[in-house]
Amino acid sequence: MLGAVLAALTPAAGVVSLEIVARPPAGSGPSRPAGAPVARMESAQVPLRAVDPTVREYALTAPRGASRQRPVAALASTTTAPDGAVQLVSMPTPVSGYGAVGLSWAPRTRLTQADAAFSVRTRVTGGEWSAWQTLPYDPEHGPDPKSDEAEHARPGTDPLLVGDVDEVQVRADLADRAPTDLSLAVIDPGTDGATEQEAPALDTGAGDPEDSGAALEVQPEGGTKATAGSGLALQAATFTPKPRIFSRAQWGADESMRDASSLHYYEVHAGFVHHTVNANDYTRAEVPALIRGIYAYHVRVRGWSDIGYNFLVDRFGRIWEGRYGGIDRPVVGAHTLGYNDYSFAMSAIGNFETTQPRPRMLRAYGALFAWKLSLHGVDASSTRQKVGSSYFQAINGHRDAAATACPGRYLYAQLPLIRTYAAEDQQGWAGRELESNLAGNRYPDLIVRRASDGQAFVLPTGGMLRFTKAKALLNGWAAGDVAVASPDLTGDGRGDVLVRGPTASPGSTPARAAPGWVPRCGRHPPSRGAT
């Protein structure tokens, strides 16, 4: 057979032409480097119930209007240099659990990266203070301006996961005076309590075998059903494998924290690679707590409606569900300022400005991006995708969209390899853009209307939702009312096109295409006749 047919031909839909498109010869595409690991099934020690993080905030500067009201005692010391630069250092502050810290300040306060630099240091009881390390501040992380989510947001740094320490101090080096209502947040992600070793709850695997090859039944105008037995049925295209993903429940998400009313969807045209900027030596068992710390900081400190990222991946190559709303839906996150409505993001847990990402993490990126982009008809190898008012590749680093170091120089350097993995993993198309599922199977359907009498038809797609531009190859078949691709019927070793004429007796026409070409379906107005 020449290849997979990507859409059914039916007179009810006015789909009456075939396009022949080239398929690259085997082995001509980008090859996976020798020894590159294949994603393997991982388990995780996960909580058996939702876990409520504890957020403690400490005022470092007074809020707006404090001079006219009761002053607020700030838990920080401030020094001013002759040139007006200000350095603010917080008092030692206790940390509980596998902690995270961050700074936030009064809404609608503009503070550029050139205006301020933030640092943090830690110590355990009886020990010495660590060296100061950067507390990352990136104003490009957050909900899009003018969105409802942005209306309730506070500006601030990214959260820094400091781990199992006892005390923390932060330092702010500012070009001018410190922002009002500057607050240090210290987050205890909570105790898991009872835990259990579990496989990913969103164990989507590669799909059900009976679904991946299900025949599409075509109902021609004369009423004769085209079934697999008659040779007129078209087979569904191969689906991109769906990666296994740990659910929000498996990292202990307290769903009462998020703002359920702010959940919204738009479109996915591209994906962005991020990193969380934290210690890189965490264990497998600590990952759920790390994600809860990020979640609590984004929601309870920054005022976002939910965790900002759509997905997260740990250094062991395990993928975790981020923002609520459905992993297969175009959920709008708060990750790439100005482009959230048109993209999704997965953040690597770790600091990849200082550390190389592990191969299994890169493979997880490739598998997730291949699958997620396929849901929305995006070719993972595309180099030109319209994202808002700009154009990007299908897979990008955050720094491609803003002046930021994210996702770190070492992870950013691996984007070409991630794109190669994703292109290799992307085997077919599935979709959620059409919300109808009237045929009662797992895939959305097409609803079409016949122009002659207005009668509507439901066309099961089997996930085949991508139409290419029509290209007429053979003419003079205006009298035929059904044309489908078929296996070789004429004995020449090539697939044929099966056409049913006005007498209802089918005949075959050899497909005079060169080896390596496959038929795809196109459309043109029914008045042109079958081609």
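The values are calculated or read from the model by the stated rules, or taken from the named source; none is laboratory data. Keep in mind that what you see is a predicted model, and the values were worked out from it rather than measured. Virtual Cβ from ideal backbone geometry, glycine too; neighbours counted across all protein chains shown. Accessible surface is based on the protein model in full, side chains and every heavy atom, while ligands, DNA and RNA are left aside. Shrake-Rupley method; radii C 1.70, N 1.55, O 1.52, S 1.80 Å.
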Segment 324-356: number of residues that are open to solvent by less than 20 Å² (accessible area, probe 1.4 Å), under 10 Å from the mean Cα position of the chain (by Cα) and not aliphatic (A, V, I, L, M): 5
Test result for Ala285, out of contact with any strand residue (DSSP E or B) (no Cβ under 8 Å at 6 or more places or on another chain), at pLDDT below 95 and either hydrophobic (A, V, I, L, M, F, W, C) or part of a helix (DSSP H, G or I) (or both): no
Conditions (1) within 17 Å of Arg318 (Cβ to Cβ); (2) open to solvent by less than 10 Å² (accessible area, probe 1.4 Å); number of the one not met by Arg360: (2)
Of all residues making up segment 259-274, the number that are open to solvent by 10 Å² or more (accessible area, probe 1.4 Å) and either within 19 Å of the chain's Cα centre (by Cα) or at pLDDT below 90 (or both): 7
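Quick one: would you say Gly205 is outside any strand (DSSP E or B) and either at pLDDT 90 or above or open to solvent by 30 Å² or more (accessible area, probe 1.4 Å) (or both)? It would help to see each step written out before you state the result.
Details: outside any strand (DSSP E or B): yes; either at pLDDT 90 or above or open to solvent by 30 Å² or more (accessible area, probe 1.4 Å) (or both): no.
Taking the combined requirement at face value, the residue does not satisfy it.
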Members of segment 164-182 that are outside any loop (DSSP other than H, G, I, E, B) and crowded, with 20+ Cβ neighbours inside 10 Å: Val168, Gln169, Val170, Ala172, Leu174
Residues satisfying the stated conditions in segment 130-163, i.e. modelled with pLDDT of 85 or more and part of a strand (DSSP E or B): Gln133, Thr134, Gly156, Leu160, Leu161, Val162
Hits in segment 265-283 (condition: out of contact with any helix residue (DSSP H, G or I) (no Cβ under 8 Å at 6 or more places or on another chain) and not hydrophobic (A, V, I, L, M, F, W, C)): Tyr265, Asn280, Asp281, Thr283
Residue, surrounded by the most Cβ atoms within 10 Å (Cβ to Cβ), within segment 364-391, restricted to residues that are more than 15 Å from the chain's Cα centre (by Cα) and closer than 17 Å to Tyr412 by Cα: Ser381
Of all residues making up segment 289-315, the number that are assigned to a loop (DSSP other than H, G, I, E, B) and either open to solvent by 10 Å² or more (accessible area, probe 1.4 Å) or closer than 20 Å to Ala153 by Cβ (or both): 10
Residues that are surrounded by fewer than 23 Cβ atoms within 10 Å (Cβ to Cβ) and either under 15 Å from the mean Cα position of the chain (by Cα) or assigned to a helix (DSSP H, G or I) (or both), drawn from segment 395-418: Arg399, Asp400, Arg409, Tyr410, Tyr412, Leu415, Pro416, Leu417
Neighbours by Cβ (under 6 Å, 6+ apart or cross-chain): first from segment 136-152, open to solvent by less than 50 Å² (accessible area, probe 1.4 Å); second of a type in the set (A, V, I, L, M) and assigned to a helix (DSSP H, G or I): Pro143/Ala150
In segment 110-125, the residues that are within 23 Å of Ala150 (Cα to Cα) and charged (D, E, K, R): Arg110, Asp115
